[in-house]
Amino acid sequence: MVEPDTIIDGRYKVISRLGSGGMADVYLAEDQLLGRLLAVKLLHHHFAEDQEFVERFRREASSAAGLSHPNIVGIFDRGEWQGTYYIAMEYVAGRSLKTIVREQGALDPAIAIDTVVQILRAARFAHKRGVIHRDLKPHNVILDEEGRARVTDFGIARAGASDMTLTGSIMGTAQYLSPEQAQGHVVTAASDLYSVGVILYELLTGVVPFEGETAVAIAFKQVSAEPRPPSAVNPAAPAALDAMFAQAVTEGCEGLVCKSTGPDSSYQAGARGWQWIKLKRDYRTELADTVDLVIIGAFAGRGRRVGVYGAVLLAAYDAGADVFRAVTKCGAGFSDADLAALPARLAPLQSPHKPARVDARQQPDVWFEPGLVLEILSAELTLSPNYTAAWGQIEDDAGLAMRFPRFTGRWRTDKAPEDATTTRELVELFLTARHRPIGG
Ligand SMILES: Nc1ncnc2c1ncn2[C@@H]1O[C@H](COP(=O)(O)OP(=O)(O)OP(=O)(O)O)[C@@H](O)[C@H]1O
Ligand SMILES: [Mg+2]
C-alpha cells in the first residue's frame with residue numbers, strides 16, 4: 001500500500017488508490033512532469049521476485065503501449081521502483097463493468113450491445129496488431145460518463161496466468177477464460193472473443209453462464225454444460241443474441257460467412273454491371289449470425305495466378321435440403337503464399353465430377369467434395385456478385401457478413417458503392433454515387 005503524496009520513480013505523485021487486483025494495486029497519480037492525472041499500476045512485491053513474470057510484464061507492457069485506440073486505455077510509461085515494477089497509463093474516470101453489473105444487475109440490452117461492440121473494436125484493433133488481451137473480463141473494461149468503454153490491461157493482466165491460477169489469486173475470473181486457455185493451450189484471438197461472449201452474456205443477464213466453486217469446476221462446465229440462453233435468463237435480452245453467445249463459446253473456424261441472398265439482395269449488383277463486391281473485415285455496430293462457406297470448386301488462375309487457382313466457388317450448407325448450395329465466387333483474399341498452397345490443401349477433396357450433394361449453376365475447372373471451410377487471411381477479399389445462387393431465408397438488410405473468429409463483423413462505415421451489402425444500402429449508395437464511375 002503506497003501512501004498519498006508518495007512520489008513513484010521521482011515523477012508520479014500518488015493521490016489515492018483506485019483499486020487492487022490479483023497482481024497489482026492501481027493508484028490515481030499526478031505526473032509531476034506534465035501535470036496531468038494518470039493511473040499507475042504497481043506490481044505486488046511477491047510477483048516482482050519472479051523473473052519470468054517480470055520479463056513478461058515488461059514485454060507485454062511494450063506491446064500494449066503500441067496500441068492507440070479510442071477503446072483501449074493508453075500506456076504512457078513503465079519502470080522500476082523500490083524493487084517492483086509499474087506501468088503508468090491513462091486514467092479513466094468511470095466504473096468498471098463489473099462494478100456496474102454488481103450494482104445494477106443486467107444492463108439495458110441496447111447499452112450492453114453498444115458496450116460489447118466497443119470491446120470488439122478494441123479487440124479487433126489489437127488482434128490485427130498481434131496483441132491478444134488474454135484476460136478480457138468486466139473488471140478490465142471501464143465505462144466513462146459518456147458510455148465510452150475502455151479496455152485496460154491489454155496483454156498484461158495474464159502475464160503469469162498459469163501459476164496465478166494455481167495460487168488461486170485470480171479466482172473469480174476463470175469464468176471468462178476460454179477452455180483452450182484454461183487448459184493451457186495456445187491462446188489466440190478467438191480466445192479473447194470467447195471472453196467477450198461471456199461478457200455479453202453477463203451484461204445481458206447479470207450473471208455469468210458458467211459458474212463453479214473452483215477453476216476446474218468452471219472449466220468442466222464450459223465443455224459439458226449447456227448454459228441457458230441469455231433470453232431465457234432475462235426475457236428483456238434480445239433472442240437474436242442467443243446465437244451470438246452460442247457462437248462465441250463454441251469452437252469455430254474463422255472464415256467467410258454468408259448471411260443470406262435473394263432476388264432483392266446485394267448479389268443483384270451484378271445486374272448493374274458491377275463485377276465484384278469487396279468484403280472488408282471490420283466491425284460495424286451490429287452483430288449478425290453466420291454460416292460457414294465451404295469450398296466446392298476452383299477456377300484455373302490466369303496471369304499472375306497461372307498454376308494456382310484464380311477463384312474458388314463457395315457453398316453454404318442447407319440443412320433442410322441436405323445440399324451445399326453455391327453462393328458465390330471468391331476471387332481474392334488470400335495471400336500469394338496461401339493461394340499457392342491451396343491446390344495441395346484441397347487435393348484430398350478433389351472430385352472427378354460434381355459431388356452428389358452440391359447444387360451449383362457454375363462449372364468450375366475443378367470440383368471438391370465440400371469439406372474445407374474457407375479461411376480468409378487478409379483484411380479484404382473480393383466476391384463475385386454475378387453468381388447469384390439464392391440460399392436460405394432472405395432477411396431484410398442482411399447481406400454478406402464476414403466472420404472474424406467466432407464473431408461476425410459486418411461492413412465498414414467508409415464503404416463505397418461497390419461495398420454495399422444490402423438492398424437499402426445499394427439504393428442509397430447508388431443514388432448518392434450515381435454520377436461517380438463505379439470503383440472510381
Ligand atoms: N487506467 C485506469 N483508470 C482508472 N481505473 C483503473 C485503471 N486501471 C485499473 N483501474 C481500476 O483499478 C482496479 C484494479 O485493477 P487491476 O487491473 O489491478 O485489477 P482487476 O482487473 O480487477 O483484476 P486482475 O488483477 O485479475 O486483472 C480496477 O477496479 C479498475 O477499475
Ligand atoms: Mg485489470
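For every residue, the table says whether it meets (1) assigned by TED's automatic domain parsing to the domain that holds Pro179; (2) outside any loop (DSSP other than H, G, I, E, B); (3) under 18 Å from Thr173 (Cβ atoms).
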{"site": "Ser68", "(1), (2), (3)": "no, no, no"}
{"site": "Leu107", "(1), (2), (3)": "yes, no, no"}
{"site": "Asp114", "(1), (2), (3)": "yes, yes, no"}
{"site": "Leu120", "(1), (2), (3)": "yes, yes, no"}
{"site": "Ile132", "(1), (2), (3)": "yes, no, yes"}
{"site": "Leu136", "(1), (2), (3)": "yes, no, yes"}
{"site": "Gly147", "(1), (2), (3)": "yes, no, no"}
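If you take the residues of the range 86-100 that are closer than 21 Å to Gln175 by Cα and surrounded by fewer than 21 Cβ atoms within 10 Å (Cβ to Cβ), which of them is farthest from ligand 2 (Cβ to nearest atom)?
Ile100
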- Please work out which residue is nearest to ligand 2 (Cβ to nearest atom), limiting yourself to the range 37-54 and to residues that are part of a strand (DSSP E or B) and at pLDDT below 95. Lys41
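Conditions tested, residue by residue: (1) surrounded by fewer than 20 Cβ atoms within 10 Å (Cβ to Cβ); (2) farther than 26 Å from Val117 by Cβ.
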residue	(1), (2)
Val14	yes, yes
Gly21	yes, no
Ile72	no, no
Asp77	yes, yes
Gly83	yes, yes
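Count, please, the residues in the range 24-74 that happen to be small (Gly, Ala, Ser) and under 26 Å from Arg124 (Cα atoms).
In the first step, residues of the range 24-74 are kept if they are small (Gly, Ala, Ser); the result is 24, 29, 35, 39, 48, 61-66, 68, 74.
Retained after the next criterion (residues that are under 26 Å from Arg124 (Cα atoms)): 39, 61-66, 68, 74.
The total comes to 9.
Have a look at Ala106, Ala123 and point out the one that is within 16 Å of ligand 2 (Cβ to nearest atom) and either within 16 Å of Ile199 (Cβ to Cβ) or surrounded by 24 or more Cβ atoms within 10 Å (Cβ to Cβ) (or both). Quick ask: steps written out before the conclusion?
Details: Ala106 fails: within 16 Å of ligand 2 (Cβ to nearest atom).
On inspection, the qualifying residue turns out to be Ala123.
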- Query: When you look at Gly172, is it modelled with pLDDT under 80, within 16 Å of ligand 2 (Cβ to nearest atom) and either in contact with a helix residue (DSSP H, G or I) (Cβ under 7 Å, 6 or more places away or on another chain) or in the same structural domain as Asp25 (by TED's automatic domain parsing) (or both), yes or no?
  - Reply: no
- Query: If you scan the range 1-27, which residues turn out to be within 19 Å of Lys98 (Cα to Cα) and of a type outside the set (Lys, Arg)?
  - Reply: Leu18, Gly19, Ser20, Gly21, Gly22, Met23, Ala24, Asp25, Val26, Tyr27
- Query: Is there a residue in the range 2-18 that is part of a strand (DSSP E or B) and within 16 Å of ligand 2 (Cβ to nearest atom)?
  - Reply: yes
- Query: Only one of (1) modelled with pLDDT under 85; (2) within 16 Å of ligand 2 (Cβ to nearest atom) is not met by Arg129, so which one is it?
  - Reply: (2)
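The values are calculated or read from the model by the stated rules, or taken from the named source; none is laboratory data. Just so we're clear, the structure is a prediction, and the values are computed from it rather than from any experiment. When we count neighbours, we look across all protein chains shown, and the Cβ atoms used for this are built from the backbone with ideal geometry, even at glycine.
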